[in-house]
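If you scroll down you'll find the structure; I have some questions about it.
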2 protein chains.
Amino acid sequence: MTASSPTRRERLRSAAVSEIKEGARRLLVAGGPQAISLRQIARDMGMTAPAIYRYFPSLEALVVALAEDLMGEVAGVVAAAGEAAGDDPGRQLAAMARAYRAWAVANPVEFGLVFGAPVPGVGELALDCLPDDPGADLGRPYVAAFLKLWQREPWPTPPREYMLEHLGPYLGPLRQAHGDLPIEVAYTFLSGWARLYGMVAMEVFHQVRWALTKPEALFEAEIVQFLSQVGALPK
Amino acid sequence: MTASSPTRRERLRSAAVSEIKEGARRLLVAGGPQAISLRQIARDMGMTAPAIYRYFPSLEALVVALAEDLMGEVAGVVAAAGEAAGDDPGRQLAAMARAYRAWAVANPVEFGLVFGAPVPGVGELALDCLPDDPGADLGRPYVAAFLKLWQREPWPTPPREYMLEHLGPYLGPLRQAHGDLPIEVAYTFLSGWARLYGMVAMEVFHQVRWALTKPEALFEAEIVQFLSQVGALPK
DNA sequence: TTGCGACAGTAAACATCGTTCACTCAGCTG
DNA sequence: CAGCTGAGTGAACGATGTTTACTGTCGCAA
């Protein structure tokens with residue numbers, strides 16, 4: 001009856017929850033979000049569909065839970081890549097950007113679910129501006145690397161008074177979640193994140209093939225260009 | 001029997017096609033792509049569902065046709081904004097960027113259908129690299145403005161030899177579609193387009209609210225920063 | 001004018017889906 | 001051992017996309 005070890009019932013229950021989410025992900029990958037079917041998941045598990053309602057109140061809730069797991073997965077991959085890149089924040093930024101793209105390219109449908117058009121119900125989880133927002137977990141290591149880089153040596157930015165006037169009033173959530181982040185760092189992070197997100201989403205959503213046959217080449221060029229802009233080129 | 005004027009049958013038919021697509025868009029806006037229902041569209045038209053199969057071979061084909069229309073709509077809005085902005089290519093770029101964002105913010109669900117995760121069947125229409133790709137129609141006025149700006153006065157870019165080696169082999173579709181586009185212009189256009197797309201998609205897909213309460217402020221700051229980078233600030 | 005053929009639309013049916021309800025059965029706890 | 005909690009089932013409801021067979025109706029040609 002140790003409080004830390006879950007009871008047998010709880011172990012079985014969480015195993016079932018995991019199996020359901022694995023089945024949902026399999027269907028997601030095979031045929032997109034609309035292919036996630038409670039009945040098919042149940043069939044794959046040797047059960048009937050209503051049994052799943054013991055674990056999730058609706059199909060939508062299951063999809064939301066899956067999306068949360070996926071956000072955690074990509075956040076973990078990115079953070080691990082940053083930690084494995086050594087102490088130089090420039091190298092960390094490059095490694096984390098590449099890790100984000102690599103995860104997206106390897107898991108395109110999952111990327112679409114988490115970072116694409118908000119599925120009704122899934123969009124709500126990114127609406128709150130709390131520091132424990134799953135999206136914030138993803139951004140945190142990037143912000144930390146930018147901050148380390150800034151404290152070592154600042155890079156050129158737009159005039160401070162322009163940013164304070166036009167951006168300052170709306171940066172509250174980001175700056176407070178990271179302890180009085182300098183506005184230059186906040187702006188550079190957001191600008192860089194938008195570029196990273198745009199490049200990756202364009203590639204994964206097939207939005208750039210009409211112009212470019214190898215999106216990775218543009219991605220690498222942009223990394224070089226951006227890192228040199230913030231004075232973080234290793235050489 | 002004049003060849004230019006369509007026969008009565010053809011007029012009725014194209015009116016029905018339009019009404020079906022209007023109904024589909026209404027359902028799309030109301031409840032997302034999965035809410036588009038043949039039976040509901042037919043009910044709204046005072047018909048039964050199988051009648052729609054006289055006009056579209058499947059629901060998926062209807063969604064694809066709707067997506068094509070929407071791509072044409074946004075391309076038209078952007079081109080019109082560019083033409084209304086006068087002769088200065090810098091002003092044209094700013095106006096077209098704002099028009100793109102404005103359309104996306106005003107039509108978020110439609111934006112998700114056209115520019116978001118590829119719905120099975122819709123993703124295929126952006127796969128080909130032909131010059132008459134609907135996506136190319138959207139990019140053309142941007143490329144034209146960049147080219148005019150470049151011919152007037154070039155801006156600093158990464159070294160030409162780097163781009164020729166790392167980007168040149170993969171830029172064929174874009175450069176050929178615009179008649180021997182200089183590689184500096186091709187790179188700057190793609191980089192800028194990725195930034196524009198990233199900013200807009202982040203805002204419309206609720207991917208930035210955890211950090212920023214007013215995405216438009218960051219959008220405007222990025223416009224200023226980018227235009228000054230390419231030496232196109234009006235002042 | 002008459003006839004015919006192409007076309008628009010319908011009704012019924014099938015397979016699938018999410019969801020609810022009443023029910024059974026096993027396992028843990030008092 | 002009794003009883004309760006929770007997992008799972010089967011049947012049912014309403015909804016979906018799609019197919020099939022059928023019925024009109026309109027327009028064009030002889």
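Of all residues in segment A:59-77 being open to solvent by 40 Å² or more (accessible area, probe 1.4 Å) and farther than 30 Å from residue A:232 by Cβ, which is nearest to DNA strand C (Cβ to nearest atom)?
Looking at residues that are open to solvent by 40 Å² or more (accessible area, probe 1.4 Å) and farther than 30 Å from residue A:232 by Cβ, I get A:59.
Still on this model: Inspect segment B:100-117 for any residue being charged (D, E, K, R) and surrounded by fewer than 18 Cβ atoms within 10 Å (Cβ to Cβ) and give the result as yes or no.
No; the residues of segment B:100-117 include none that is charged (D, E, K, R) and surrounded by fewer than 18 Cβ atoms within 10 Å (Cβ to Cβ).
Something else: Taking segment B:5-23 as the search range and keeping residues that are free of Cβ contacts under 8 Å to residues at least 12 places away in the same chain and away from DNA strand C (no atom under 13 Å from the Cβ), which one is surrounded by the fewest Cβ atoms within 10 Å (Cβ to Cβ)?
By that ranking, first place goes to B:5.
Go through (1) modelled with pLDDT of 95 or more; (2) surrounded by 20 or more Cβ atoms within 10 Å (Cβ to Cβ) one by one and return the number of the condition residue B:122 breaks.
Evaluating residue B:122 over (1) modelled with pLDDT of 95 or more; (2) surrounded by 20 or more Cβ atoms within 10 Å (Cβ to Cβ) leaves (1) as the failure.
Return yes or no: is residue B:31 within 15 Å of DNA strand C (Cβ to nearest atom) and open to solvent by 20 Å² or more (accessible area, probe 1.4 Å)?
Criteria met by residue B:31.
Looking at (1) modelled with pLDDT of 95 or more; (2) assigned by the TED database to the domain that holds residue B:99, can you tell me which one residue B:21 breaks?
Here residue B:21 meets the rest and fails (2).
Still on this structure, I have one more. Quick check on residue A:84: is it within 10 Å of DNA strand C (Cβ to nearest atom) and away from chain B (no Cβ under 14 Å)?
No; evaluated as a whole, the condition is false for this residue.
Just give me the residues in segment A:78-90 being buried (at least 18 other Cβ atoms within 10 Å of the Cβ) and touching a residue at least 24 places away in the same chain (Cβ under 8 Å), in sequence order.
The answer is A:78, A:79, A:82, A:89, A:90.
Any idea which of A:54, A:39 is within 12 Å of DNA strand C (Cβ to nearest atom), more than 28 Å from residue B:33 (Cα to Cα), at pLDDT 95 or above and charged (D, E, K, R)?
A:54
Residues that are facing chain B (nearest Cβ under 7 Å) and within 30 Å of residue B:136 (Cβ to Cβ): list the helices (runs of 4 or more DSSP H) wholly contained in segment A:141-235 that include at least 1 such residues.
A:183-204, A:215-229
Further question: Is it the case that some residue within segment B:183-197 is farther than 27 Å from residue A:190 by Cα and of a type outside the set (S, T, N, Q)?
yes
Given the residues B:171, B:147, B:181, which is the only one that is aliphatic (A, V, I, L, M) and closer than 27 Å to residue A:158 by Cβ?
After applying the criteria, what remains is B:147.
The values are calculated or read from the model by the stated rules, or taken from the named source; none is laboratory data. Because the structure is a prediction, the values reported are computed rather than measured. In this analysis, Cβ positions are derived from the backbone assuming ideal geometry, glycine residues included, and neighbour counts consider all displayed protein chains. Side chains are part of the model used for accessible areas, which takes the heavy atoms of the whole protein and leaves out ligands, DNA and RNA. Shrake-Rupley method; radii C 1.70, N 1.55, O 1.52, S 1.80 Å.
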